[in-house]
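Below: one structure, written as structure tokens.
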Amino acid sequence: MAKLPILTYPDPVLAKKAEPVAEITPEIKQLMADMVQTMYESDGVGLAAPQVGHCLRLITIDETGPKERKNPLVILNPVFSDCSGSKESEESCLSLPTFTCMVKRFENVTVRGLNEKGEDIEIKAEGLLAIILQHECDHLEGKTLVNHASRLKRTMYDTKVKKWKKD
Ligand code: NI
């Protein structure tokens, strides 16, 4: 397993819509293992394949975090159904250093997809897990937290990012 470099905004890969995973090849298996490792080592609770440069519908999540590592989930080709309620909370993203944003999400979601073995899975989630699932699936649509922010907040972040590139 290897820790992969994480792309940061405004990398164009982060704005692309990801393609379904058609087959679990040895390369995909390696990518899944590397993503879980990268998520933990980056102190994250979720990661989407586009964040490591692969435009594929593949996400990894562990809402218990890198210390506990109790519930690692790998989901291929996730699809939402039965979304209800709403809840607003502050989110951050490994691809958006220093950026945080209040985002309104569904409180309860059901996600169907495939696990790392290619088996059908269905996850009913609420609370933090529901939020992470929605955050990671946004990445598969080419969306990040900046798409949820006000225009002013986004402009200020753009200015900050440009300054970092110059320094
Ligand atoms: Ni993110």
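Computed about the Cα centre, the dipole magnitude for the chain is approximately 820 debye when only Lys and Arg (+1) and Asp and Glu (-1) carry charge, each at its Cβ. Among the listed pairs 70/124; 17/143; 3/29; 70/143; 29/117; 17/124, which are separated by more than 19 Å between their Cα atoms? Flagged as over cut-off: 70/143; 17/124. Accessible surface computed residue by residue for segment 47-167, with neighbouring protein chains in place and a 1.4 Å probe, gives 53 Å² per residue. For segment 91-158, with all protein chains present and a 1.4 Å probe, just round the carbon and sulfur fraction of the accessible area to a whole percent. Carbon and sulfur atoms account for 51 percent of the accessible area of segment 91-158. With Cβ to Cβ distances under 13 Å as the rule, what net charge do the other residues near residue 65 carry (K, R +1; D, E -1)? So the surrounding residues net to -2. Legend: P(r) of the chain from all alpha carbon pair distances, 5 Å bins from 0, whole percents, reading 2, 9, 18, 22, 22, 15, 8, 3, 1, 0.
Farthest towards the positive end of the charge dipole of segment 12-166, among the residues 37, 106, 52, is the Cα of 52, using unit charges on the Cβ of Lys, Arg, Asp and Glu.
Treating cross-link reach as a plain straight distance, find the aspartates and glutamates whose alpha-carbon is under 14 Å from the alpha-carbon of residue 160, omitting any fewer than eight places away in the same chain. Within the straight-line cut-off, residue 160 pairs with nothing. Ranked by the mean number of other Cβ atoms within 10 Å of their residues, highest first, the peptides 76-88, 45-57 come out as 45-57, 76-88.
FRET efficiency for the residue 119 to residue 69 pair, using the beta carbon distance and R₀ = 22 Å, is estimated at 0.55.
Among 144, 98, 110, the residue with the largest mean-square fluctuation in a Gaussian network model of the chain, with springs joining Cα atoms closer than 10 Å, is 98. Ignoring aspartates and glutamates fewer than eight residues from residue 104 along the same chain, the ones with Cα atoms less than 14 angstrom from its Cα are 88, 90, 91, 126, 138.
Spin-label pair residue 167-residue 30: with each label point 7 Å from Cα along the Cα-Cβ axis, the two points sit 3.6 nm from one another.
The values are calculated or read from the model by the stated rules, or taken from the named source; none is laboratory data. Since this is a predicted model, take the numbers as computed values, not measurements. Because the Cβ atoms are built from the backbone with ideal geometry, glycine has one as well, and the counts that use them run over all protein chains shown. The accessibility values were calculated without ligands, DNA or RNA, using every heavy atom of the protein model including side chains. Shrake-Rupley method; radii C 1.70, N 1.55, O 1.52, S 1.80 Å.
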